[in-house]
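In what follows, a structure is listed as structure tokens, so that the remarks can point back to it.
FYI, it's all coordinate maths here, none of it is from the lab. Being a predicted model, the structure only gives us computed values, none of them experimental. A quick note on method: Cβ atoms are made from the backbone with ideal geometry, for glycine too, and the neighbour counts reach across all protein chains shown.
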Amino acid sequence: MDIMIIHRQDDVIHFLVEGIDVAFANALRRTMLTRVPAMAIDEVLVLENTSVMYDEILAHRLGLIPLITDLESYNLPQDCDCEGKGCSLCQCTLTLEKESGSEDVVVYSGDLVSQDPKVNPSTGEIPLVKLAPNQRLIIEAYARLGTGLENAKFQPVSTVAYKYVPIVEVDKDKCTKCEACVEVCPKKIFVIDKDTLATQNTLDCTMCELCVQECEPGAITIGSKNDAFLFKVESSGALAPEAIVENAADTLKKRIRVSLDFVGKL
Amino acid sequence: MKPRVIEQERYELKIEFQEEDHGFCNLLRKTLLEEPAVEFAGYNIDHPLLASPIVTVRTKKSSKRQAKVVLREALEKMLARTEEFRKDVNQAVSDYSVD
């Protein structure tokens with residue numbers, strides 16, 4: 001197995017894995033989506049809401065805010081000693097108080113004040129509701145860990161996808177250097193270099209095969225490797241993207257161990 | 001993950017993996033099929049809303065290989081691969097931050 005990180009920036013990681021099959025790639029993808037825990041607001045106490053937005057809709061909007069997750073300090077409610085009743089080991093309280101004076105005011109996710117400095121909205125720029133003059137909002141919200149299996153708001157990823165590694169081949173004998181492919185390729189894979197057709201950044205190829213259609217002499221073939229995958233993991237901001245991948249591998253390992261223990265006893 | 005035996009015979013095994021999904025079951029099925037002694041391996045999810053897939057594995061009688069042994073070996077293989085992946089990811093991440 002060979003893993004290479006191609007690109008890593010803020011909340012996104014692109015990496016290439018060689019020597020795995022589709023089943024494993026898909027198991028990983030599904031694990032990242034549904035089994036890696038992340039924090040989200042799950043219960044909201046509305047003390048005062050004179051805005052035009054219904055309490056329920058406001059609560060829903062609060063639930064969808066991605067929170068920076070600290071997996072070390074919090075337990076999943078079902079694994080917690082309090083048996084899911086809610087204690088400081090499995091719950092974090094956030095409060096929101098905002099009043100508009102004589103002007104309109106927009107309430108942002110950044111207005112939430114967390115009891116735990118480590119658990120905060122990943123961005124403070126999400127608008128929640130607009131308050132007209134003399135309207136007020138006092139809210140207490142309880143965040144907890146959960147998994148994407150229960151509700152998509154607990155997903156730590158906004159995108160997790162994989163694709164086959166493309167192989168772009170040009171038959172130099174057939175190529176007439178008409179440059180039709182250079183024009184048509186949306187990813188600018190083809191270049192004319194010193195009078196011959198060359199390829200660049202072939203990993204970007206989306207396999208749309210427009211070049212194959214355009215190429216009159218039929219010099220271009222697009223294929224793919226079947227044991228290598230390009231992963232793209234985009235975090236919601238809850239966890240670092242590489243932490244999501246590592247956690248997914250750990251979670252998958254744990255599940256395999258449980259079934260192995262069970263089968264061992266048969 | 002809550003496994004439960006549905007049917008057990010020497011050469012055939014049916015296990016229900018409660019709370020599991022395609023991710024795990026398809027991986028298990030593919031890994032089982034790598035073993036030449038396996039005659040049939042598959043899984044069934046009765047309804048898309050239910051999370052209780054039933055994995056079936058049947059080995060060839062001529063191979064004299066017990067289904068439970070083959071299943072255990074497949075799971076061990078999966079565990080080893082996942083561990084390798086975990087290790088390689090760690091390595092790749094630390095290599096990348098050095099660059």
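Which angle between 0 and 90 degrees, to the nearest 10, do you get for helix B:22-33 versus the longest principal axis of chain B when only C-alpha atoms count?
So the inclination is approximately 70 degrees.
Once you've got the GNM for chain A with C-alpha springs shorter than 10 Å, pick whichever of A:GLU246, A:GLU103, A:GLU43 has the biggest mean-square fluctuation.
A:GLU103
Applying 1/(1 + (r/R0)^6) with R0 = 22 Å to the Cβ-Cβ distance of A:ILE138 and A:GLN115, what FRET efficiency is obtained, to the nearest 0.05?
It comes out at approximately 0.90.
Note down the Stokes-Einstein diffusion coefficient of region B:2-95 in µm²/s, whole number, using a Kirkwood radius over alpha carbon pairs, 20 °C, and 1.002 mPa s.
151
If you take the alpha carbon radius of gyration of region A:1-65 and divide it by 2.2 N^0.38 Å, what ratio comes out, to two decimals?
The value comes to 1.82.
For a quick check: with amide H placed at 1.01 Å from N, whose amide H comes under 5 Å from A:ILE6's, ignoring anything fewer than 5 positions away on the same chain?
A:HIS14, A:PHE15, A:LEU16
Would you mind computing, in nm to one decimal, how far apart the modelled labels at B:GLU19 and A:SER224 are, each placed 7 Å from Cα along Cα→Cβ?
Label-label distance for B:GLU19 and A:SER224, simple model: 3.4 nm.
Give me the distance in nm between label points sitting 7 Å out from Cα along the Cα-to-Cβ direction at B:ASP46 and B:VAL98, one decimal.
5.3
Based on the Cβ-Cβ distance of A:THR123 and A:ILE57, what FRET efficiency does E = 1/(1 + (r/R0)^6) give at R0 = 25 Å, to the nearest 0.05?
Given R0 = 25 Å and the Cβ-Cβ separation, E is 0.75.
For chain A, rounded, prolate or oblate, judged on the Cα gyration tensor with a ≥ b ≥ c (square roots of eigenvalues), a/c < 1.5 rounded, else prolate if a/b > b/c?
oblate
Along Cα→Cβ, 7 Å out, is where each label goes; now give me the distance between the ones at B:SER63 and A:VAL22 in nm to one decimal.
Modelled inter-label distance: 2.2 nm.
Which of rounded, prolate or oblate describes region A:111-266 when judged by the alpha-carbon gyration tensor and an a/c cut-off of 1.5?
Taking the square roots of the gyration eigenvalues as a ≥ b ≥ c, region A:111-266 is oblate.
Taking the Cα of B:GLU34, stepping 7 Å toward and past its beta carbon, and measuring to each backbone N in region B:66-84: which are under 17 Å?
B:69-84
Among A:LYS194, A:LYS153, A:LYS172, determine the one that fluctuates most according to a GNM of chain A built with springs between C-alpha atoms less than 10 Å apart.
The residue that fluctuates most here is A:LYS194.
Quote the relative contact order of chain A in percent (integer), defining contacts as alpha-carbon pairs under 8 Å separated by 6+ residues.
Relative contact order, chain A: 27 percent.
State which entries of A:LYS85/A:LYS265; A:LYS163/A:LYS254; A:LYS232/A:LYS253; B:LYS64/B:LYS87; A:LYS153/B:LYS77; A:LYS225/B:LYS77 exceed 30 angstrom in Cα-Cα distance in the structure shown.
Over 30 Å Cα-Cα: A:LYS85/A:LYS265; B:LYS64/B:LYS87; A:LYS153/B:LYS77.
Count the net charge of all other residues whose Cβ sits under 11 Å from the Cβ of A:SER122, scoring Lys and Arg as +1 and Asp and Glu as -1.
That sum, taken over residues with Cβ under 11 Å, equals -3.
Please report the spacing between the Cα centers of region B:84-98 and region A:161-182 in Å, no decimals.
Between the Cα centres of region B:84-98 and region A:161-182 lies a distance of 32 Å.
How big, on average over all directions, is the shadow cast by the Cα convex hull of region A:39-151, in nm²?
6.9
Take the alpha-carbon centre of region A:115-159, take the same for region A:11-68, and report the distance between them in whole Å.
Using only Cα atoms to place each centre, the spacing works out to 10 Å.
List residues of region B:51-75, by number, whose backbone nitrogen lies under 11 Å from a label position 7 Å along Cα→C-beta of B:ARG4.
B:52-53
Only helical DSSP H runs with n ≥ 4 go in: add -39500 (n - 2.57) per run for the protein assembly as shown, normalise by residue count and round the 222 nm mean residue ellipticity to 500 deg cm²/dmol.
-9000 deg cm²/dmol
Can you tell me, using C-alpha contacts under 8 Å and at least 6 residues apart, the relative contact order of chain B as a whole percent?
Relative CO of chain B lands at 26 percent.
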